[in-house]
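Asker: Pasting in a structure now, in structure tokens, and then I'll have a few things to ask.
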Amino acid sequence: MSLFDRLPNRRDPNVLNKWTFYPRDVLPMWVADMDFPAPKPILRELHKVVDQGVLGYELPSLTLKETVAARMQDLYGWKVKPEAVVTVTGIVSGFSVAARVFCTPRKGILIQTPVYNEFHEVKNNIGIPQVDAPLAKSVKGNILKYEIDWDVFEKQVKKAGMFLLCNPHNPLGIIFTRKELTRMAEICIKNRILIVSDEIHSELLLDDNKFTPLAKLSPEIARHTITLIAPSKTFNVPGLFCGFAIIQDRELREKYVKEVDDLRLHVGSMGLHAARVAFSGRCDGWLGNLKSYLTRNRDFVVDYVTRYMPDVRTTNPSATYLGWLDFTQTDIDGSPFEFFQKKAKVALSDGKIFGREGEGHLRLNFGTSRSLLEQGLDRMQKAIKLL
Ligand SMILES: Cc1ncc(COP(=O)(O)O)c(C=O)c1O
């Protein structure tokens with residue numbers, strides 16, 4: 001039995017979370033946190049803080065920034081100075097700040113749809129246009145593939161002030177290649193637009209996949225890029241809201257930091273403690289086991305859908321714990337999100353929140369025990385069979 005087969009009970013009625021949001025008989029497979037406890041070194045650190053008794057104000061320490069920089073060096077051989085590390089209250093705050101500073105009512109935010117729902121909220125929150133460069137979808141057997149449509153990308157980049165890249169991509173699980181990253185970055189630089197690279201899922205790599213931070217590709221690309229990372233997805237501590245913007249260009253960083261300071265975006269002390277331990281390397285054994293478990297869950301989803309739901313199409317994600325299912329070829333009438341909630345008592349994420357291209361699709365969170373994953377898929381398969 002694996003560590004990841006045993007799940008804590010999160011159904012506290014006084015708390016609103018993934019497990020209490022929907023009625024009790026609905027199996028939650030939606031919001032992107034995993035059902036697993038965080039690694040022991042992080043939990044021990046947080047216990048230590050509580051036992052000491054004072055939950056006072058804390059600022060990001062130099063040690064924390066050095067720890068983040070050292071992790072970039074260890075993982076990717078990427079040289080980042082500690083002073084280039086800016087602490088942010090999560091990655092959504094991180095890219096929202098960038099949009100406030102670097103976009104205008106005429107030059108908005110470029111995104112590759114279907115993509116993480118919060119990317120779509122920036123336009124209204126900040127009051128800027130959204131420019132979509134939809135990824136091109138193709139199907140082989142029942143496996144979905146999405147790729148960059150370069151003509152569309154080159155055309156749309158001209159209307160934007162900032163490109164918000166999602167790499168690895170939520171909900172599609174793509175890890176863009178170095179070649180693709182370089183080409184996207186060069187197009188952005190040629191068109192003088194800022195690149196914000198949301199790399200929150202960069203350590204959740206399946207199989208033996210490798211990842212390259214976009215800003216590591218060349219000093220010129222680094223000068224035009226804000227990289228956003230966090231321990232939150234990797235080590236399952238998203239509720240602590242601590243992330244980092246790595247900004248190597250001093251002028252860019254000063255503009256960004258001014259906005260963060262003006263908005264008084266302070267990370268809570270528990271988030272700072274957890275991040276320091278998470279990025280120290282002390283949780284990497286746990287992470288290795290997690291990635292193996294998630295890789296097997298991913299294989300299970302793809303195999304299950306292929307065998308037992310032949311009309312449903314699925315991605316075969318290279319990273320993340322998120323699957324993407326296409327129900328447009330099934331007999332489901334209307335929204336699959338409502339259909340499965342009513343008929344199968346499972347709650348996935350509605351594909352349409354990721355953009356127009358997501359209509360008729362659902363995002364499945366497989367960051368859970370194999371047993372619950374199987375239960376959820378069984379419920380879905382039975383509901384489809386009864387159609
Ligand atoms: C691509 C991406 N960015 C950002 C976030 C959320 O980041 P935070 O909770 O730190 O704001 C998520 C969460 O699902 C995500 O998938």
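Asker: Please list the non-local residues whose amide H lies under 5 Å from the amide H of Leu110, H modeled 1.01 Å from N, same-chain partners needing a gap of 5 or more.
Answerer: Val131, Gly161, Met162, Phe163, Leu164
Asker: Please compute the contact order of the chain in relative form: average sequence separation of alpha-carbon pairs under 8 Å and at least six residues apart, divided by the residue count, as a percent.
Answerer: 23 percent
Asker: If you keep only loop residues by DSSP, which chymotrypsin sites (Phe, Trp or Tyr not before Pro) in segment 205-288 have at most 10 other Cβ atoms within 10 Å of their Cβ?
Answerer: Numbers: sites: Phe211, Phe235, Phe241, Phe244, Tyr256, Phe279, Trp286; in loops: Phe211, Phe235, Phe241, Phe279.
Those that pass, being in a loop and sparsely packed, number zero.
Asker: Now for a separate question. Are there trypsin sites (Lys or Arg not before Pro) in segment 240-346 that DSSP puts in a loop and that have at most 12 other Cβ atoms within 10 Å, and which ones?
Answerer: Filter output for segment 240-346: Arg264.
Asker: Remind me, relative contact order of segment 177-243 in percent, using alpha carbon pairs under 8 angstrom and six or more residues apart?
Answerer: 33 percent
Asker: Right, something else. How do Tyr76, Tyr304, Tyr116 rank when sorted from fewest to most other Cβ atoms within 10 Å of their own Cβ?
Answerer: The most exposed by this proxy come first: Tyr76, Tyr304, Tyr116.
Asker: What is the order of Met380, Met270, fewest Cβ neighbours within 10 Å to most?
Answerer: Met270, Met380
Asker: Here's another thing I want to ask about it. Return the calculated 222 nm mean residue ellipticity for the chain, to the nearest 500 deg cm²/dmol, obtained by summing -39500 (n - 2.57) across DSSP H runs with n ≥ 4 and dividing by the residue count.
Answerer: Rounded to the nearest 500, it is -11500 deg cm²/dmol.
Asker: Can I ask one more? In whole percent, what relative contact order does segment 227-338 give with Cα contacts below 8 Å and a gap of six or more residues?
Answerer: Across segment 227-338, relative contact order equals 16 percent.
Asker: Leaving out same-chain residues fewer than 8 places away, which lysines sit with a Cα under 27 Å from that of Lys123?
Answerer: Lys18, Lys107, Lys137, Lys155, Lys158, Lys159, Lys190, Lys233, Lys255, Lys258, Lys352
Asker: Where the centre of each part is set by its Cα atoms, how far does segment 255-282 sit from segment 338-387, in angstrom?
Answerer: When both Cα centres are located, 34 Å separates them.
Asker: Can you tell which of Ile226, Ile200, Ile148 shows the greatest fluctuation in a Gaussian network model of the chain with Cα springs below 10 Å?
Answerer: Highest fluctuation among the options: Ile148.
Asker: Another question, then. Segment 45-139: which trypsin sites (Lys or Arg not before Pro) are DSSP loop and have at most 10 other beta-carbon atoms within 10 angstrom?
Answerer: Taking segment 45-139 and a limit of 10 other Cβ atoms within 10 Å, the loop trypsin sites (Lys or Arg not before Pro) found are Arg106.
Values quoted throughout were computed directly from the atomic coordinates according to the rules given, and no laboratory measurement underlies them. What you are looking at is a predicted structure, and each value in this text was computed from that prediction instead of being measured. Because the Cβ atoms are built from the backbone with ideal geometry, glycine has one as well, and the counts that use them run over all protein chains shown.
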